[in-house]
1. Glu596: farther than 22 Å from Leu545 by Cβ, open to solvent by 40 Å² or more (accessible area, probe 1.4 Å), touching a residue at least 12 places away in the same chain (Cβ under 8 Å) and in a loop (DSSP other than H, G, I, E, B), yes or no?
2. Just to be sure before I move on: is Thr245 hydroxyl-bearing (Ser, Thr, Tyr), out of contact with any strand residue (DSSP E or B) (no Cβ under 6 Å at 6 or more places or on another chain), touching a residue at least 12 places away in the same chain (Cβ under 8 Å) and at negative phi in the structure I sent?
3. If you scan the range 569-583, which residues turn out to be farther than 16 Å from Trp524 by Cβ and either in contact (Cβ under 8 Å) with a residue 40 or more places away in the chain or outside any loop (DSSP other than H, G, I, E, B) (or both)?
4. Could you please let me know if Asp576 is charged (D, E, K, R), over 35 Å from the mean Cα position of the chain (by Cα) and open to solvent by less than 30 Å² (accessible area, probe 1.4 Å)?
5. From Ile95, Ile68, Ile82, which residue is under 29 Å from Trp266 (Cβ atoms), among the β-branched types (Val, Ile, Thr), open to solvent by 40 Å² or more (accessible area, probe 1.4 Å) and part of a helix (DSSP H, G or I)?
6. Which ranges mark the strands (runs of 3 or more DSSP E) fully within the range 302-394 that have 3 or more residues being farther than 24 Å from Val456 by Cβ?
7. Tell me which residues, restricted to the range 313-326, are at positive phi and buried (at least 16 other Cβ atoms within 10 Å of the Cβ).
8. Filter the range 156-204 down to the residues that are touching a strand residue (DSSP E or B) at 6+ places or on another chain (Cβ under 8 Å) and under 20 Å from Trp266 (Cβ atoms), then identify the one that is modelled with the lowest pLDDT.
Amino acid sequence: MSHSASGTGRSTLASSATQGSTKGSGRPLARVFLRASGITALVCWAVLLVWASFGTGASSGSSGVYMIIGTVGSVLLVAVVIATAATHAGLRTIIVALFTAVLAAAAGWTVYSSMPEAGPGQFITHRAGVAALAYVFGVVGGGLLALSEFVVEGYAGGRAPAPKQLRRKVAVLATAIIVILAAALAPAMQRWAELANQDVLVGDAAATGSATDPGLDGLADLAGEGRFTDTPFGLLRTDHPADPTPQAVTMLDPATGAATWYHRRWNWLASQSPVLSQAQDLVALTGPRADNNGDFQTRVLSARDGSVVGTADFDGSPGVLLALADDRLLFTKDRSETFSVYDFGGGLAWQAALPDGCEGTAAQLAAGRALVLADCMPAPDRSVARDLVLAFDLDDGTAAWHQEIDRSAVVVPESFLVTEDTIVIDSRIEHRVTDGPFSARRFEHQLIAYSIADGVEHFRVADQVFGSTNSSACGGTLYLSQPTAAAASGVAAGGEAKAQAPTSERRTVQIIECYSAKDREGSWLGAMAYDADTGERLYRKAVRLGFTPLDPEVARGWATVLPDNRAMLAADLSLDQTRPDCRLYAVAEGRASEVEFATERPDGTSIPANWCHDAQLSPVGTGAAVSYVDEDGTRGIAVVE
């Protein structure tokens, strides 16, 4: 009996112990996975929100205040949910987890719905994108945690306890999956915010005005009075040139006015005008993020089709972009004697220093050289201010050569021209003819050409003078008839090739300047042409002006030189700006002829009578484009042959 009783007792105790062990440690692996995933997702919710609020460098504002309030509330809620799950399994955890998921969904929808449509002054910040993602993790975490409480042991065969080591591995696996998702999706949401703010259309503007292909009509409200940047592929317009100006540009086909491509990043500001390479096949846009000035980028686009060639990232502003070439960007700091060359990825290639007291005002990269025009103040080894031209090896920054400009002369950045193998400058001296508040002056020009390779002087033409003027805007600007080696084949709206201007075998460099007329009221707008290879003066010719421009930008806009060596000149013959008499002239081989300029557009709308007052002439196609300010404050374009 005792043996039998004793045996029965042992069997009962063993059975009870086994059942207790199964009940305490037999949690199904599915429940372990869901519970670990849910708690990890909730933690990621809190971590992502904290990072979005404090780790993205976003500017302050009301949205930032709401974000911080939401972050604090979310962190506290996550702590409550995790504490409840650890101490009160069952219905209480289900209720708290579901409440958290619903609250996260409402908050996430609020953040997403508050994101603006991309446009001037409106953009989605990295902070908003990451915050929306964070709330998604809150929804997922609350849902998984609530779902885990519904997982039971199931049928009798599934009640065997899983080893503790296996449960730990499953929990670690679930945690790793959620953490990896958070680490991968956070930068993906930042990338999404960038793409949502960017609107790119390449090479197809046939359906003018449509939602997917707006063309010029659909983009007109983004235009302004800002001048175009001349390129061989069309006129590059800065869209919405307000303050601040976003990195938004459109390439226009002058013949049709249609957009051949456009590139917009409304959340990035343009710290300066677009910069072209010497070959004019690359264009660079540079500036900081609108919501984080410490995040600075230079984006290099193909001038032909707008495709992104490279994006250089910088921690803070690298300075002013002066020039670019294949995989090279040249920056100079404001008032700095040093400049830096970076590759298109933002890596520093080399730095070089200018002489003491010198500041770079213009530069170009060509023929394996970094060419810099420097404005130099007096220094211990320099008794007076003067300009220098310096050349550095583009690969390693080694100083190659330098040339000093006449101490009494000035070279303005617009008259520092670079071809494939030569630098041509206008060394200009300003002579005071009379004294007083309206003193007359005379500009004496000296053309100098240097070899890019070794700095050897090719030619020098001195004592070139037009006449006296009372306007400092009439200092004269230097033009090359063929800035690049060959005319580029552009792409017009709809994808067809654009006709290019015929080029002459002779390349010319021309000075165009306005000056006062001695024999009558009014002024003259004159052009002097020289052979770009020898410096031989070919001709001098002038056309009548009524009044002298007072703005240098207006004076420069009234002239351009075409690849066939014709100079195109705009002029107002009247002496009363309220009664304009605008004319257009072509100067070829020393002879000037008036060019017919239509008073109406092809659609029948009239062109303003004062179109020349803020005109910009540009060489395009087989002729010239004349852009002018319309009555609505935007720029219109007319093409003449």
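The values are calculated or read from the model by the stated rules, or taken from the named source; none is laboratory data. Source: prediction; values computed, not measured. All Cβ positions, even for glycine, are placed from backbone atoms using ideal geometry, and neighbour counts span all protein chains on display. Areas reflect the complete protein model, heavy atoms only, side chains present, ligands, DNA and RNA absent. Shrake-Rupley method; radii C 1.70, N 1.55, O 1.52, S 1.80 Å.
1. Here the answer is no, as Glu596 does not meet what is asked.
2. Judged against the criteria, Thr245 is a match.
3. Selection gives Cys582 alone.
4. Spelling it out, it is not the case that Asp576 is charged (D, E, K, R), over 35 Å from the mean Cα position of the chain (by Cα) and open to solvent by less than 30 Å² (accessible area, probe 1.4 Å).
5. Every option except Ile68 fails the conditions.
6. 308-315, 320-325, 328-332, 338-342, 348-353
7. The one that is at positive phi and buried (at least 16 other Cβ atoms within 10 Å of the Cβ): Gly319.
8. Val202
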